[in-house]
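The values are calculated or read from the model by the stated rules, or taken from the named source; none is laboratory data. What you see is a predicted model; the values in this text were computed from it and never measured. Neighbour counts are summed over all protein chains in view; Cβ atoms, including those assigned to glycine, are modelled from backbone coordinates with ideal geometry.
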Amino acid sequence: MKLSELAQQSGGWLKSEGPLAGIVVSSRVRLARNLAGYPFLSRCDHQQKLEIQAFLSGQIDSLGTPESLQYINIDEAEELDRQLLVERHLISRQHAQANGGRGMAFSASEKTSVMINEEDHLRLQTLQPGLKLDEAWEEVNQLDDLFEAKLDYAFSSRFGYLTACPTNVGTGIRVSVMLHLPGLKMSGQIEQVTRSAQDMRLAVRGVHGEGTQAAGDFYQVSNQKTLGTSEQQIIEEFKNIVVPQIVDYEKQTREKLLAEHGQFVDDKVFRALGMLQNARTISSEESLGLLSHLRMGVTLERIPDIKLDALNELFLRTQSAHLQQIEGRALSAEERGIKRADYIRQKLSQN
């Protein structure tokens, strides 16, 4: 598959079929692993990075995964291709911007991806729509088993898996859930949620993870501790405590906003719909904000004729790299604004 073709489709993890899909957009489980016999990446020289890349990329074709994995040499990829992979949550921004011996592989459904030489030698991740942490864990654990049967991981009988960042030592697991929280943002309570999450040793980040701000009222909540806690304990806590509490808080806030400020909420929703249906040029930031309000209106059943899948697709495919890949050429900021507005109007007219 060419990366330009990737821009024309929606990732399987964006389907609105998962549990609590109106608020929980996706679930991700990621594992950090390193090879024994090599220093951590920050201490590797250029030649060692290339050796790690060549060795790990050579293992991918023979893994025997349920879905075949397509390998991409990040060093050789065009900047626009790297940006596309970031926008689709297949690699991190840090991975896209680093230098030397970088690679990645992904499945056709985009639910599984592998990063080589990001912060650790190997990072494995699976994405699922909605709150499907058990399914994501099962898939990434199977992938890890396939790799571990072929590799000698850096492991300590005392500490567990050894990782570049001390917070990942132990299981090396990072559980992350992407949430759409416009009610909490609109009511000014998102800061309280963020503080409470930090008190629970959770990280709250923007839509593209570490170092990014929330866009379109989307937030990623993830664990910060792995040492001394099993993978299943972390997943159970997220599935049964952390996420349900935030979802309930968002639902209660939306209900309160409707009960006490119904006209205000409807104005936000229908104003967003009107602007998106009629705008001739629109920036990425503005479109994300308007699509967020529209998405809330759809989940609140204020607008019954628009499908959640269509809005999820718009969030993805109106980003900068997607627009340029779809158009087949580099676009100026002005051209992107026009193409983005055209695409949104066309998509909404089909619903």
Does any residue in the stretch 240-257 that is among the acidic types (Asp, Glu) come within less than 8 Å, Cβ to Cβ, of a residue that is in a helix (DSSP H, G or I) six or more places away or on a different chain, and which pairs are these? Glu250/Gly183; Glu250/Leu184
Within the stretch 102-140, how many residues are among the hydrophobic types (A, V, I, L, M, F, W, C), more than 22 Å from Glu78 (Cβ to Cβ) and outside any strand (DSSP E or B)? 5
Odd one out for Leu348, checked against (1) surrounded by fewer than 20 Cβ atoms within 10 Å (Cβ to Cβ); (2) under 20 Å from Arg88 (Cα atoms); (3) more than 21 Å from the chain's Cα centre (by Cα); (4) in contact (Cβ under 8 Å) with a residue 40 or more places away in the chain: (2)
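Being hydrophobic (A, V, I, L, M, F, W, C), buried (at least 21 other Cβ atoms within 10 Å of the Cβ) and out of contact with any Lys or Arg (no Cβ under 6 Å at 6 or more places or on another chain) is true for just one of Ala272, Ala279. Which residue is that? Step through it out loud before you land on a result.
Numbers: Ala279 fails: buried (at least 21 other Cβ atoms within 10 Å of the Cβ).
Checking each option against the conditions leaves just Ala272.
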So, Asn99, is that one surrounded by fewer than 23 Cβ atoms within 10 Å (Cβ to Cβ), part of a loop (DSSP other than H, G, I, E, B), among the polar types (S, T, N, Q) and in the same structural domain as Leu56 (by TED's automatic domain parsing) or not? yes
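How many residues does the stretch 49-96 contain that are assigned to a strand (DSSP E or B) and either on the phi > 0 side of the Ramachandran plot or aliphatic (A, V, I, L, M) (or both)?
Initial filter on the stretch 49-96 (assigned to a strand (DSSP E or B)): 69-73.
Keeping just the survivors that are either on the phi > 0 side of the Ramachandran plot or aliphatic (A, V, I, L, M) (or both) gives 69, 72.
Total meeting the criteria: 2.
Taking the criterion of being basic (Lys, Arg) and free of Cβ contacts under 8 Å to residues at least 24 places away in the same chain, would at least one residue in the stretch 269-279 satisfy it?
Initially, the stretch 269-279 is screened for residues basic (Lys, Arg), giving 271.
Checking which are free of Cβ contacts under 8 Å to residues at least 24 places away in the same chain leaves us with 271.
Yes, because at least one residue in the stretch 269-279 is basic (Lys, Arg) and free of Cβ contacts under 8 Å to residues at least 24 places away in the same chain.
Are there helices (runs of 4 or more DSSP H) fully within the stretch 283-348 with at least 2 residues that are within 24 Å of Lys251 (Cβ to Cβ) and either of a type outside the set (Val, Ile, Thr) or not assigned by TED's automatic domain parsing to the domain that holds Gly183 (or both)? List them.
284-299, 308-317
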